[in-house]
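The values are calculated or read from the model by the stated rules, or taken from the named source; none is laboratory data. Since the structure is predicted, the reported quantities are computational estimates derived from the model, not experimental observations. Here the Cβ positions follow ideal geometry from the backbone for every residue, glycine too, while neighbour counts run over all protein chains shown. Just so you know, the surface numbers come from the protein's heavy atoms only, side chains and all, with ligands and any DNA or RNA stripped out. Shrake-Rupley method; radii C 1.70, N 1.55, O 1.52, S 1.80 Å.
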Amino acid sequence: MTIHTEHPFLDPDADPVRRLRGRLGGAVTLWTSGGGDLGAERAGLTVSSVMVSGGEPGRVLALVDPDCSLRDVLEETGRAVVHLLRWHDRELAEVFAGQMPAPGGQFTTAEWEQTAFGPRLASATTWADVEVESFESVGWSDLVVARIVGLEVGEDGVPLEHRRGRYLRPSDR
């Protein structure tokens with residue numbers, strides 16, 4: 001894991017496409033997979049480039065780094081848990097984004113329940129159990145299309161939102 005010293009969206013000379021993506025902003029999710037009977041090491045990644053598509057069944061689409069450990073575990077297991085993070089989860093989001101160190105590993109920073117889809121954040125109120133349908137290379141990312149097979153939509157609380165390289169405080173909304 002690489003700990004970055006700066007957010008890429010804050011650099012005025014950064015790639016204009018990255019700057020545009022940073023200005024779109026969005027809800028922050030945490031994707032986890034592996035462990036237990038899945039036969040793979042646990043992996044997770046903070047992802048804000050996410051869309052949900054309605055239908056029977058619904059689907060979750062995400063852009064992930066093709067070189068991240070989550071991508072490999074998703075391909076191996078075909079399953080994941082997608083958590084919708086809240087404001088109080090921002091340090092956890094930083095850990096799984098590789099922005100904050102986690103002595104002992106990412107999964108030591110919170111309590112987890114191992115499920116058939118991967119580790120589930122014990123404090124999460126909203127999550128989806130998903131099965132990966134496809135991967136497609138899109139620019140510098142991989143598009144993951146995953147079918148929702150289980151869903152829990154709990155209390156909304158204060159959502160964790162990301163825009164231009166930072167989390168929006170509840171008072172910023």
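For Rg and Dmax of the Cα atoms in Å, the listed values are (i) 19.4, 76; (ii) 15.3, 46; (iii) 18.7, 57; which was obtained by calculation from the structure presented? Answer by label: (ii).
With springs only between Cα atoms under 10 Å, which of Leu61, Leu151, Leu160 fluctuates most in a Gaussian network model of the chain? Checking each option, the largest mean-square fluctuation is seen for Leu151.
Could you work out the local net charge near Thr126, counting Lys and Arg as +1, Asp and Glu as -1, over the other residues with Cβ closer than 13 Å to its Cβ? Overall, the nearby charge balance is -3. Largest GNM mean-square fluctuation among Pro119, Pro66, Pro57, using the chain with Cα springs under 10 Å: Pro57. Of all the options Trp31, Trp127, Trp112, the one that moves most in a Gaussian network model of the chain with Cα springs shorter than 10 angstrom is Trp112. What you get for region 88-173, charging only the Cβ of Lys and Arg (+1) and of Asp and Glu (-1), is a dipole of about 420 debye around the Cα centre.
For the chain, the relative contact order works out to 29 percent when only alpha carbon pairs closer than 8 Å and six or more residues apart are counted. Taking a ≥ b ≥ c as the square roots of the eigenvalues of the Cα gyration tensor, region 18-65 is classed as oblate, since a/c reaches at least 1.5 and a/b does not exceed b/c. Between the listed residues Trp87, Pro119, Ser134, the Cα displaced farthest toward the positive end of the dipole of region 62-151, a dipole computed from Cβ unit charges relative to the Cα centre, is found at Trp87. Less than 5 angstrom separates the built amide H of Ser48 from those of Thr29, all sequence-distant by 5 or more or on a different chain.
Only DSSP H runs of four or more residues enter the estimate; each adds -39500 (n - 2.57), and after division by the residues of the chain the mean residue ellipticity at 222 nm equals -4000 deg cm²/dmol. The modelled label-to-label distance for the pair Leu143/Ala27, using points 7 Å beyond Cα in the direction of Cβ, is 2.1 nm. Could you check how many percent of all C-alpha pairs in region 44-107 are farther apart than 18 Å? Within region 44-107, distances greater than 18 Å cover 44 percent of Cα pairs.
Charging the Cβ of each Asp and Glu at -1 and of each Lys and Arg at +1, and nothing else, the dipole of the chain about its Cα centre rounds to 660 debye. Applying the criteria of a DSSP loop state and at most 16 other Cβ atoms within 10 Å to the GluC sites (Glu not before Pro) of region 64-139 yields Glu111.
Calculated FRET efficiency, His88 to Ser171, Cβ-Cβ distance, R0 = 22 Å: about 0.90 to the nearest 0.05. The residues of the chain expose, per residue, 55 Å² of accessible area to a 1.4 Å probe. Here the extension length gained between Met51 and Arg18 equals 10.1 nm, from 0.36 nm per residue of separation less the Cα-Cα distance. Net charge of the neighbourhood of Phe107, taken over other residues with C-beta under 15 Å away and scored Lys/Arg +1, Asp/Glu -1, is -4.
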